[in-house]
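Report on the structure given below.
FYI, it's all coordinate maths here, none of it is from the lab. Just so you know, these numbers come straight off a predicted model, no measurement behind them. Here the Cβ positions follow ideal geometry from the backbone for every residue, glycine too, while neighbour counts run over all protein chains shown.
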4 protein chains.
Amino acid sequence: MLNENEMFEKIKQSFERQGLMKTLNAKLITVEAGIVKISCEFSENLTQQHGFVHAGVATSIADSACGYAALTMLADHFDVLTIEFKVNFLKPAKAKKLIAVGKVLQSGKTLTVCDGFVYDETETKLIAKMTATIMSITIG
Amino acid sequence: MLNENEMFEKIKQSFERQGLMKTLNAKLITVEAGIVKISCEFSENLTQQHGFVHAGVATSIADSACGYAALTMLADHFDVLTIEFKVNFLKPAKAKKLIAVGKVLQSGKTLTVCDGFVYDETETKLIAKMTATIMSITIG
Amino acid sequence: MLNENEMFEKIKQSFERQGLMKTLNAKLITVEAGIVKISCEFSENLTQQHGFVHAGVATSIADSACGYAALTMLADHFDVLTIEFKVNFLKPAKAKKLIAVGKVLQSGKTLTVCDGFVYDETETKLIAKMTATIMSITIG
Amino acid sequence: MLNENEMFEKIKQSFERQGLMKTLNAKLITVEAGIVKISCEFSENLTQQHGFVHAGVATSIADSACGYAALTMLADHFDVLTIEFKVNFLKPAKAKKLIAVGKVLQSGKTLTVCDGFVYDETETKLIAKMTATIMSITIG
């Protein structure tokens, strides 16, 4: 297993290969064993028709946070693939910044289940709640 | 109820207010009663770490397609809000273009349930399958 | 709002009208504001083909626990209806007893979102995780 | 691969080991490649508090139908395990009989995704819609 700094570096390199994260102007904030945090500032480029952040943006950063949280629990030669997720949108995404936290709920050899939480900039208002199932794949 | 041309215009105006759809370079293709189609061309701005289109992109256009499909079934003074969705990712999004089709499965006064399908550019390879619950809200 | 004893009595009366809960030999354990616990002992009447408790049993008691947890947050003339749920099965249900805990995550006038947890008899092994969306309906 | 009669027999034997299916008085109706149908008659033993069939019953037979539909696509030494499902409840389960149809949407070596439909006795009123992810496991 990698230590936390190595893990952050490994995930940062992967994160920077995600064109979408750059497009959303998302930032990788923290990486711990089983927990990854990604943020994304409000911009008019990210809205739905009422001017709030589109559900797809909250989902995108929550998905990346959950995938990388799963990755922290796996040996170094594995990568991850999202099999499915479900998201409940609890409050309109009226926020200066969205903060997505992915947390491993159950880690297995083949499958990892993560909870994803999307908060506003204060990290107190829960905007969306994801449950994601993630598959381990070997890199080749 | 609006006729199909009026419905297309109403939804096109709403679509164009979605900053995210512009950012993803997504296009509103067709609007019929209960069915809406949105496409999005592959671009390196939309990728995950393996160079395929990010799950969040397929989800974003499927969510908009489902929401607008729901909207076609409602009286003119209603708008829609996504309550929750679940997406299964069936195949890696290796495609020149993603085509999302939102279809109303059950339309009610308060809630509409839609199926969302995301295909590749041939509309034959099913890449992702969404089920979305959408709430009617009154405008103004 | 009812006090906790009145709430328990109200929910117990409703629980006893659920023929399925009797068939599963399920028991209403506790009722607090926003949290309801229901248990169900292992029996060969409740198994799937490998002799573990069927996913449908864990789901049934978790659904009732989530529905009643939602009900504790509503005024007295409301009842609840499950709109949709998603369940991840984390471990095989090898347990002498299943304990389902429904917890309100977000309570609204029309919709309530609950987390449901299904544990083994020690309440330490998490067997299944539900997220449920529940609608308020007026009675009579 | 087994022929359809052999497949029906294999699945019938497994179905009869499911104590819950007996408890619900559920019946295995048909088995085809990728499609399995299970029914369950209304009984006061299966109700929720309003006298309709409990969401957990519709879910249980849909889960078994989806699992067995997945099994029809796998080589003989595999069995199946439900990883997760999501169900939308579209109409109150006021029906003399519930008919659950499990259909394979995508079959893979490790994972199968199925659609599950729960109808009333006329097979025209759609009461619930499931999407299930099922894992292949090797027996013995």
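For the rotation that brings chain A onto chain C, whose beta-carbon in chain A is nearest the axis, and what is that distance in whole angstrom?
Reported as residue, whole Å: A:86, 2.
Average partner chain C-beta neighbours within 10 Å, per residue of C:18-31?
On the way: counts 8, 11, 15, 5, 3, 10, 7, 0, 1, 0, 0, 0, 0, 0.
The mean count of partner-chain Cβ atoms within 10 Å per residue comes to 4.
Between B:106, B:49, B:18, which gets the highest mean-square fluctuation from a Gaussian network model of chain B, Cα cutoff 10 Å?
B:49
Please get the size of the charge dipole for the range C:1-139, origin at its Cα centre, with Cβ charges of +1 on Lys and Arg and -1 on Asp and Glu, quoted in debye to the nearest 20.
Details: 15 positive and 15 negative charges, 75 e Å.
Charge dipole, the range C:1-139, about its Cα centre: 360 debye, nearest 20.
Given R₀ = 30 Å, what would the calculated FRET efficiency be for residue B:139 paired with residue B:25, taking r from the Cβ atoms and rounding to 0.05? Display every interim value, and only then the final one.
Working: r = 28 Å, r/R0 = 0.92.
With a Förster radius of 30 Å, E is 0.60.
For peptide B:88-96, what's the mean number of Cβ atoms from other chains within 10 Å of each residue's Cβ?
On the way: counts 17, 10, 7, 2, 1, 0, 0, 0, 0.
Counting Cβ atoms of other protein chains within 10 Å of each residue's Cβ and averaging gives 4.
Extension gain residue D:109-residue D:44, at 0.36 nm per residue separation less the Cα-Cα distance, in nm? Let's see the in-between values first.
On the way: separation 65, 0.36 × 65 = 23.40 nm, distance 4.07 nm.
In short, 19.3 nm is gained.
Just checking the output field for A:59-68: average partner chain Cβ neighbours within 10 Å of each residue's Cβ?
Working: counts 9, 9, 1, 1, 7, 5, 0, 0, 3, 1.
Mean shielding by partner chains, rounded to a whole number: 4.
Which FRET efficiency value, to the nearest 0.05, do you get for residue C:124 and residue B:123 by plugging their Cβ-Cβ distance into 1/(1 + (r/R0)^6) with R0 = 45 Å?
On the way: r = 49 Å, r/R0 = 1.08.
E(calc), rounded to 0.05, equals 0.40.
Please report, in whole Å³, the volume per residue of the convex hull around the C-alpha atoms of the range D:4-138. Provide the component values of the computation, followed by the final result.
Working: hull volume 12.7 nm³, N = 135.
Spread over its residues, the Cα hull of the range D:4-138 gives 94 Å³ apiece.
With each run of n ≥ 4 DSSP H residues scored as -39500 (n - 2.57), what mean residue ellipticity at 222 nm is computed for chain C after dividing by its residue count and rounding to the nearest 500 deg cm²/dmol?
Per the formula, -8000 deg cm²/dmol.
Compare C:25, C:88, C:45 in a GNM of chain C, Cα atoms joined below 10 Å, and give the one with the largest fluctuation.
Comparing C:25, C:88, C:45 in the GNM, the peak value goes to C:45.
Summing +1 for each Lys or Arg and -1 for each Asp or Glu, what net charge is found among the other residues whose Cβ lies under 12 Å from the Cβ of residue D:131?
Details: positive: A:86, B:86, B:129, C:86, D:86, D:103, D:129; negative: A:84, B:115, C:84, D:63, D:84, D:115.
Net charge around residue D:131: +1.
Isolated Cys in chain D by the 4.7 Å beta carbon test?
D:40
Do any of D:10/D:109; D:22/D:125; A:109/C:129 go past 23 Å between their Cα atoms, and which? Walk me through the intermediate numbers first.
Details: D:10/D:109 20 Å; D:22/D:125 25 Å; A:109/C:129 19 Å.
From the list (D:10/D:109; D:22/D:125; A:109/C:129), the Cα-Cα distance tops 23 Å for D:22/D:125.
Pull out a ≥ b ≥ c, the square roots of the eigenvalues of the alpha-carbon gyration tensor of the protein assembly as shown, then state rounded if a/c is under 1.5, prolate if not and a/b is larger than b/c, and oblate in the remaining case. Each step should come with its number before you reach the end.
Working: a/c = 1.38, a/b = 1.26, b/c = 1.10.
It comes out rounded by the Cα gyration axes.
Which of these, A:86, A:12, A:97, has the largest mean-square fluctuation under a Gaussian network model of chain A (Cα springs below 10 Å)?
Looking only at A:86, A:12, A:97, the largest GNM fluctuation is found for A:86.
Is the shape of the range A:1-43 best called rounded, prolate or oblate, per the rule: a/c under 1.5 gives rounded, else a/b larger than b/c gives prolate, else oblate, with a ≥ b ≥ c the square roots of the Cα gyration tensor eigenvalues?
Details: a/c = 3.57, a/b = 1.81, b/c = 1.97.
Here the range A:1-43 falls in the oblate category.
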